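Asker: I'd like to ask some things about the structure below.
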Amino acid sequence: MIYLITGSMNLFARSIARRVGANGYRANSTLRFNMRGELRDIGYKKDQGKRKVLQIKQLARRLGIPVTEIYYIGDGENDREAFLLTSKGVLLTKKKETSLQSQWKINALEDILEICI
């Protein structure tokens, strides 16, 4: 199962989820449009790290699995708490030096197959 949890905008998250064949997604930022289709507002939810942890816990509960069975892929500071929660964090970055600690570090999403199989 693939489930996308992101701090990105809802339209972007939906598009990416469809492209990768995700079973679902949660976007923590929202583009809001008026009746004429004009952008009215951008809704950004604070405390992205805490929100992602809550969403992972909700997903694990819904699936009936412990959070430690979830592989979490992240690329930023707001993923730190999710890395700690799942114990199977995968940091996606090309940086050689980073303060983020994760179980694995990859340079491209294609590399995830080596970890999950």
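Asker: Can you give me the number of residues within the range 1-39 that are under 20 Å from Ile56 (Cα atoms), part of a helix (DSSP H, G or I) and not aromatic (Phe, Trp, Tyr)?
Answerer: Residues in the range 1-39 being under 20 Å from Ile56 (Cα atoms), part of a helix (DSSP H, G or I) and not aromatic (Phe, Trp, Tyr): 7 in total.
Asker: So, in the range 63-87, exactly how many residues are out of contact with any Cys (no Cβ under 8 Å at 6 or more places or on another chain), farther than 11 Å from Leu100 by Cβ and either among the hydroxyl-bearing types (Ser, Thr, Tyr) or loosely packed, with under 15 Cβ neighbours inside 10 Å (or both)?
Answerer: Here the count works out to 9.
Asker: Out of Lys105, Lys95, report the one residue that is farther than 15 Å from Met1 by Cα, in a strand (DSSP E or B) and not polar (S, T, N, Q).
Answerer: Lys105
Asker: Being assigned to a loop (DSSP other than H, G, I, E, B) and either modelled with pLDDT under 90 or touching a strand residue (DSSP E or B) at 6+ places or on another chain (Cβ under 6 Å) (or both) narrows it down to one residue among Lys52, Lys46; which is it?
Answerer: Among Lys52, Lys46, only Lys46 is assigned to a loop (DSSP other than H, G, I, E, B) and either modelled with pLDDT under 90 or touching a strand residue (DSSP E or B) at 6+ places or on another chain (Cβ under 6 Å) (or both).
Asker: Mind checking which residues of the range 57-77 are touching a helix residue (DSSP H, G or I) at 6+ places or on another chain (Cβ under 6 Å) and aliphatic (A, V, I, L, M)?
Answerer: Ala60, Val67, Ile70
Asker: Scan Ala17, Ala22, Ala60 and give me the residue that is under 15 Å from the mean Cα position of the chain (by Cα), free of Cβ contacts under 8 Å to residues at least 12 places away in the same chain, surrounded by 13 or more Cβ atoms within 10 Å (Cβ to Cβ) and at negative phi.
Answerer: Ala60
The values are calculated or read from the model by the stated rules, or taken from the named source; none is laboratory data. Everything numeric here is computed off the predicted structure, so don't read it as measured data. Every residue, glycine as well, gets a Cβ built from its backbone with ideal geometry; the counts of neighbours run over all protein chains shown.
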